[in-house]
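Trainee: One structure is given below, represented as structure tokens, and several questions about it will come after.
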Amino acid sequence: MKEMMYYNINDGYPESIVRGYRRSLLTSSQYGTLTQSETLDDIKLQLSATDYGNFLQNEPPPLTTGVIADRLTERLVSEFNYLRRNSVDPLSKFLEYVTYQYFIDNVILLISGTLHERDPADLLHKAHPLGVFESMPALSVASNVQELYNIVLVETPLADYFRGCLTGHDLDEMNIEVIRNTLHKAYLEDFYDFCVNDLGGTTGVVMKELLEFEADRRIINITINSFGTELSKEDRLRLYPRCGKLSRESPAKLSAMNDIDAVKAVCDNYGEYQHLFRDMNRSERTLEDRFFEQEVRLNLLSFHQQFHYGIYYSWLKLKEQEIRNIVWISECIQQQQKERISDFVPTL
Amino acid sequence: MEEEEYGTEYEGGEGGEQYTSMQGDGAPASAQGGSLFRSEEMALCQLFLQSEAAYGCVSELGELGLVQFRDLNPETNAFQRKFVNEVRRCDEMERKLRFLEKEIKKDGIPMMETGEPPEAPQPREMIDLEATFEKLENELREVNQNAEALKKNFLELTELKHILRKTQQFFDEQESLEQGGPGGQHQQLIQDEGGAGGGLQLGFVAGVILRERLPAFEKMLWRACRGNVFLRVAEIEDPLEDPHTGDEVLKSVFVIFFQGEQLKSRVKKICEGFRATLYPCPDQATDRREMAVGVMQRLEDLNTVLGQTNDHRHRVLAAAAKNIKVWFIKVRKIKAIYHTLNFFNLDTSQKCLIAECWIPRLDMEAIQLALRRGTESSGSTIAPILNEMQTTESPPTFFRTNKFTNAFQALINAYGVASYREMNPAVYTIITFPFLFAVMFGDAGHGTIAFLFAFWCIVKEKQLIARNSDNEIWNYFFSGRYLIALMGIFSIYTGLIYNDVFSKSLNLFGSSWQVNMDLKDIIREKAVMLDPALRQGHNVSGYHGTPYPFGVDPVWQISINKIVFLNSFKMKISVILGVIHMLFGIFISFLNNKYFQKSANIICEFIPQILFLSFMFGYMALLMFHKWTAFVAGGFDKDPLTTERCAPSILITFINMVLMNDNEKDSPECEEYMYAGQWGIQRLLLIIAVSCIPWMLFAKPFVQKREAASKPDQPFDFSEVMILQGIHTIEYALGTISHTASYLRLWALSLAHAQLSEVLWVMVLRKGLQMSHWAGGIFLFVIFAAWASLTVGILCLMEGLSAFLHTLRLHWVEFQSKFYSGQGYLFQPFSFDTILKQAENSD
């Protein structure tokens, strides 16, 4: 009731905008025509009939997938930034939280890039624009975890998340992976806490669902990726976010997941995850795709509710999926792999 | 303006009406004077074009702008159509032109306006155009690349110059320290730390960084080197040009002093991360001086080279600027033609393109001519074939408007586009709209202001159009200039009737009332009552017998019962105008039904409707006229029955009629009724009017049911028809009452307007007139400004807008609901003019 009365005072305008953005997601018939394209120019022509309009019209030929992806991301970023500029607390805080995941990805990208001695300018170009922060360029200075924290991250919002990784010493491949997962775990838990406890209400209900899924996806992915690595059971348990549905299982059960069948056995207790492993061998859909499908389903659901912030998160996720789809289709066309062109995850 | 008469020949239509067409800029070139009363007759045609001639023909039709093509392949994807490659080539050309245009704008070179827009070029010219653009683009890109490289070089040298200049003072300080100059405190510190007494050699790097990055940079340096570096910064005052984007950016020079190799590599990494450019800076002052001289030398050389490059660029762009508008038009025309050709079907032999299009019947000849021209120009020998097709589809609605009728048609279209061939209310709106507006806005002064503004717009029309403003509010006013002019003229007229000029009256013909009293009496009395009954003789105060020849007598302006008098007049006038307006609307529905041969509608709807309205409110309006003519102050020939005392209230009479009550005498010497037999006539009218309601409700559904019975194959749902008719009947019956009442807004707004302007006069301008001496002049000057701006701002603009909206409502709701269905869709012909205009506006 309170939500209904007060929601539109501050959040009515951004909500209308984001719902408008959601209406402009590509429809299945638009995907249908996209997949019939023969060249990237056809894609450009098709996209000009959608909400993207003439966003590629000033690109000199030849068109490449990279250019398309860049423009799509630019578009996403400008839309997201428009929402941010038109929001006030607590929505602005919520939107800031949403960007932290890109923060984390950028930090990891730069550290591992430096480790492999890649060109820093190139790395900065590759960083996601939503996760750019001021001291990011100096990431390459750090040579160990302690330095990374003290020099670069101490003033960023990630500092709190990073405290959990301070025990690690060197920045090697394995450690970076651990750092990434620790950061994401801490972030997810913090975001979960913010949505469910600080914001509460419908936002809490909707975001709980979405973030629990995100956490469970992490748990399953970490588990599967840890098979055959040096990662010990205890360490693995420590990387699991504590806000997922699976995290409520007993630690013994979780650490017992030693092969894919064990994971499947645990997931079978959850109706929404059962289908993830069904017909794994016969079907061509990878686990990742299945997760994406599930994510799209969940995100579409959040638009069915009114007066909450989950729609911003969901729109961003759906839009990202759409960009992945368009890039996938473009790649298939560019690489003449038309038989796989339909293997994307439609967003509607 | 050219006038021509055109008698309409609809079967049984309004045969006698004559139509005057005014051909203006807005009309298509070949307009032959269609009628505005109904939308034009359209024909769906099939067009067979030989493949080679198709381009030329479509191009001619585009110039003509009278043909609306239908997409015959709506299922086909954009990129699977036949001419997609040509469209794409045009897109590419447009992109190049946009690039050129951007560069031209960047250099501020004026682009030549085109006089006559060029014709669409032949398809073979496309290759030439492409080659030209390609060459230009490459040349420009090359020049830009060179310029960018040069500018980058130039920027580096400038930065180096600044570094050398700014760092000089840092080094001077350092040297003064080393030489043990004054400033003992610093010296003390160094000695304490190094212990080697001035022998401490610090390494340093110098560079330039974007000024906004400086704070983060400094913080990062401090944190990464744990405070063991010393940063000196100096701002470069002049903004530098970024060679890549061409933007002006602010930068700062910095020097970092540090000790040891480890710190050096760390500092360098940070600099790299923050995109600071580092420059070699010699240790020794003499080397620095030498380097500075060298840099200055090279800068000068570069300047000359840069100047030459810019000249070259300017020459290229100036040449392009002369043609770019023409090129844009040509490319857009080609693109529009191929886009249209993509709508066409190929016939089985692949030699012929088939198009379907809507064509105004009247322009058949012009279109044939255009097709012939197109065929000739493309050198084809086979003439195109234009066949009319039979269709059940509703054709588009097409009105040939000109700059005068355009605004009125737009008002109607904003409500809904007329169904095909139904009566177009825009024609009547040309008069009724300004008139009803003026009834509310009645003030000759304000009307003059509105008219003068519109008149100025009309006189300066050409220049104002050429200015091509994108200010929306201005464009609203400007496109309605003819409407505003008429509204102004009508307001002057009603203002003179009300005798209101800026809330003051004009005594043009001399009042018919006179006051014959002593000055003493006048001063003593607050108000004097003038007897309206006719009095003969010179020394009497009162009415003189001959009414004021035009409008309201100016004496009312100073009377205290002015509002009471005017209210009675304006209220009655509003209802009378409303009844006439609505009766006219119903009459138009008769014309519509007659034209569409729906005789059932005439008998079952039109007749009961017009009876209902005219027997109720039409009769009331008649009573008003009767009251005006049958009663007079003092009575005609002293007849007591015709005195003002016996004049009954029309409202009460009407209420009694509807409630079937008997009238009462106003005073003992009067009669109950205004004329003999009034009781009986009123009963009769009421009975007929009430019986109209079941007539409207039941007649049509039963007629339809009987018709449906003769055609058993078609589905017919009686209850649905009944419900629909019930809604219509309720709407009409209630609407008659509420719509009549709605016309009272004419009175209400007129009253509000008059009162507001009077308040403005009394409260503002009169204050300025009350002060004497020269100070009064200055005061009046200021007050007048306030009064004038309030008059324009509130009375002309705000009140005008409000009266406008009320007029619009009276037309859309009260008038058009009687006959207008507005279910049509607009005719959108393929026209280069529209396409080019749209393209220009979207830029």
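Trainee: Among the residues of region B:502-511, is there at least one that is open to solvent by 40 Å² or more (accessible area, probe 1.4 Å) and either touching a strand residue (DSSP E or B) at 6+ places or on another chain (Cβ under 9 Å) or in a helix (DSSP H, G or I) (or both)?
Mentor: No.
Trainee: Sticking with this one: Could you check region A:125-166 and list, in sequence order, the residues that are open to solvent by 40 Å² or more (accessible area, probe 1.4 Å), within 14 Å of another protein chain (Cβ to nearest Cβ) and among the aliphatic types (A, V, I, L, M)?
Mentor: A:Val132, A:Val154, listed by residue number.
Trainee: Further question on the same structure: I'd like to check something: does region B:475-490 contain any residue that is within 26 Å of B:Phe404 (Cα to Cα), open to solvent by 40 Å² or more (accessible area, probe 1.4 Å), outside any helix (DSSP H, G or I) and of a type in the set (S, T, N, Q)?
Mentor: Checking region B:475-490: not a single residue is within 26 Å of B:Phe404 (Cα to Cα), open to solvent by 40 Å² or more (accessible area, probe 1.4 Å), outside any helix (DSSP H, G or I) and of a type in the set (S, T, N, Q).
Trainee: So which residues in region B:809-835 are open to solvent by less than 20 Å² (accessible area, probe 1.4 Å) and among the aliphatic types (A, V, I, L, M), if there are any at all?
Mentor: Within region B:809-835, just B:Leu810 meets the criteria.
Trainee: Let me ask something else about it. Does region B:77-87 hold any residues that are open to solvent by 50 Å² or more (accessible area, probe 1.4 Å) and within 12 Å of chain A (Cβ to nearest Cβ), and which are they?
Mentor: Those that are open to solvent by 50 Å² or more (accessible area, probe 1.4 Å) and within 12 Å of chain A (Cβ to nearest Cβ): B:Gln80, B:Asn85.
Trainee: Also: Can you name every residue in region B:233-257 that is hydrophobic (A, V, I, L, M, F, W, C), in contact with a Leu (Cβ under 7 Å, 6 or more places away or on another chain) and touching a residue at least 24 places away in the same chain (Cβ under 8 Å)?
Mentor: The answer is B:Leu240, B:Val249, B:Phe254, B:Ile256, B:Phe257.
Trainee: Moving to a separate point now. How many of the residues making up region A:131-172 are farther than 20 Å from B:Lys269 by Cα, modelled with pLDDT of 75 or more and either touching a Pro at 6+ places or on another chain (Cβ under 9 Å) or outside any loop (DSSP other than H, G, I, E, B) (or both)?
Mentor: 6
Trainee: Within region A:288-328, track down each residue that is of a type in the set (D, E, K, R) and open to solvent by 30 Å² or more (accessible area, probe 1.4 Å).
Mentor: A:Glu288, A:Asp289, A:Glu293, A:Arg297, A:Glu320, A:Arg324
Trainee: Testing B:Ile465 on (1) at negative phi; (2) outside any helix (DSSP H, G or I), one condition comes back false. Which one is that?
Mentor: The one condition B:Ile465 does not meet is (2).
Trainee: Which condition number in (1) surrounded by fewer than 18 Cβ atoms within 10 Å (Cβ to Cβ); (2) closer than 27 Å to B:Glu86 by Cβ; (3) touching a residue at least 60 places away in the same chain (Cβ under 8 Å) is the one that B:His314 fails?
Mentor: Going through (1) surrounded by fewer than 18 Cβ atoms within 10 Å (Cβ to Cβ); (2) closer than 27 Å to B:Glu86 by Cβ; (3) touching a residue at least 60 places away in the same chain (Cβ under 8 Å) one by one, B:His314 breaks only (2).
Trainee: Can you give me the number of residues within region B:214-259 that are away from every other protein chain (no Cβ under 14 Å), out of contact with any Pro (no Cβ under 6 Å at 6 or more places or on another chain) and farther than 18 Å from B:Leu278 by Cα?
Mentor: So the answer is 6.
Trainee: Let me ask another. Taking B:Leu129 as the residue in question, decide whether it is assigned to a helix (DSSP H, G or I), within 12 Å of chain A (Cβ to nearest Cβ) and open to solvent by less than 40 Å² (accessible area, probe 1.4 Å).
Mentor: Taking the combined requirement at face value, the residue does not satisfy it.
Trainee: Here are the criteria: (1) in contact with a strand residue (DSSP E or B) (Cβ under 8 Å, 6 or more places away or on another chain); (2) surrounded by 18 or more Cβ atoms within 10 Å (Cβ to Cβ); (3) modelled with pLDDT of 90 or more. Tell me which single one B:Cys352 does not satisfy.
Mentor: Tallying (1) in contact with a strand residue (DSSP E or B) (Cβ under 8 Å, 6 or more places away or on another chain); (2) surrounded by 18 or more Cβ atoms within 10 Å (Cβ to Cβ); (3) modelled with pLDDT of 90 or more, B:Cys352 fails exactly one: (3).
Trainee: In region B:96-110, which residues are open to solvent by 40 Å² or more (accessible area, probe 1.4 Å) and either assigned to a helix (DSSP H, G or I) or modelled with pLDDT of 90 or more (or both)?
Mentor: B:Arg98, B:Lys102, B:Lys105, B:Lys106
Trainee: Right, something else. Taking into account only those residues within region A:56-70 that are within 21 Å of A:Cys332 (Cα to Cα) and within 14 Å of another protein chain (Cβ to nearest Cβ), which is surrounded by the fewest Cβ atoms within 10 Å (Cβ to Cβ)?
Mentor: A:Pro62
Trainee: For region A:107-118, how many residues are touching a helix residue (DSSP H, G or I) at 6+ places or on another chain (Cβ under 9 Å) and more than 10 Å from every other protein chain (Cβ to nearest Cβ)?
Mentor: 8
Trainee: Which of the following residues is assigned to a loop (DSSP other than H, G, I, E, B), aliphatic (A, V, I, L, M), at pLDDT 85 or above and open to solvent by 10 Å² or more (accessible area, probe 1.4 Å): B:Leu72, B:Leu66?
Mentor: Every option except B:Leu72 fails the conditions.
Trainee: For region B:172-190, state whether one or more residues are loosely packed, with under 14 Cβ neighbours inside 10 Å, modelled with pLDDT under 75 and within 30 Å of A:Leu139 (Cα to Cα).
Mentor: no
Trainee: Using the structure shown, decide if B:Met93 is part of a helix (DSSP H, G or I), touching a helix residue (DSSP H, G or I) at 6+ places or on another chain (Cβ under 7 Å) and within 14 Å of chain A (Cβ to nearest Cβ).
Mentor: For B:Met93, the condition - part of a helix (DSSP H, G or I), touching a helix residue (DSSP H, G or I) at 6+ places or on another chain (Cβ under 7 Å) and within 14 Å of chain A (Cβ to nearest Cβ) - is met.
Trainee: What number goes with the only condition from (1) within 14 Å of another protein chain (Cβ to nearest Cβ); (2) farther than 29 Å from B:Arg226 by Cβ that A:Asp216 does not pass?
Mentor: (1)
Trainee: Check whether at least one residue in region A:292-307 is among the small types (Gly, Ala, Ser) and either modelled with pLDDT of 85 or more or in contact with a strand residue (DSSP E or B) (Cβ under 8 Å, 6 or more places away or on another chain) (or both), and report yes or no.
Mentor: yes
Trainee: Right, here's the next one. So B:Lys638 clears everything in (1) open to solvent by 70 Å² or more (accessible area, probe 1.4 Å); (2) within 30 Å of B:Ile730 (Cβ to Cβ) except one condition, right? Which one?
Mentor: For B:Lys638, the failing item is (2).
Trainee: Select from region A:44-53 the residues that are farther than 10 Å from A:Leu26 by Cβ and within 9 Å of chain B (Cβ to nearest Cβ) and write down the one among them that is surrounded by the most Cβ atoms within 10 Å (Cβ to Cβ).
Mentor: Among them, the one singled out is A:Lys44.
Trainee: Filter region B:200-213 down to the residues that are more than 13 Å from chain A (Cβ to nearest Cβ) and open to solvent by less than 20 Å² (accessible area, probe 1.4 Å) and list them by number.
Mentor: Scanning region B:200-213 gives B:Val205, B:Ala206, B:Gly207, B:Val208.
Trainee: Only one of B:Val305, B:Val267, B:Val233, B:Val293 is part of a strand (DSSP E or B) and either modelled with pLDDT of 80 or more or not basic (Lys, Arg) (or both); which?
Mentor: B:Val233
Trainee: For region B:659-692, give me each residue that is among the hydrophobic types (A, V, I, L, M, F, W, C), open to solvent by 60 Å² or more (accessible area, probe 1.4 Å) and in contact (Cβ under 8 Å) with a residue 24 or more places away in the chain.
Mentor: B:Met660
Trainee: Read through the list (1) within 14 Å of chain B (Cβ to nearest Cβ); (2) open to solvent by less than 60 Å² (accessible area, probe 1.4 Å); (3) closer than 30 Å to A:Ile329 by Cα; (4) part of a helix (DSSP H, G or I), then give the number of the only condition that A:Leu83 fails.
Mentor: For A:Leu83, the failing item is (1).
Trainee: Among the listed residues A:Asp279, A:Asp235, A:Asp289, A:Asp216, identify the single one that is of a type in the set (Asp, Glu), in a helix (DSSP H, G or I) and more than 16 Å from the chain's Cα centre (by Cα).
Mentor: Just a single option satisfies the conditions, and that option is A:Asp235.
The values are calculated or read from the model by the stated rules, or taken from the named source; none is laboratory data. All values reported here derive from a predicted model rather than from experimental measurement. Backbone-built Cβ (ideal geometry, glycine too); neighbour counts: all protein chains shown. Quick note on the areas: whole protein, heavy atoms, side chains included, nothing else; ligands and nucleic acids left out. Shrake-Rupley method; radii C 1.70, N 1.55, O 1.52, S 1.80 Å.
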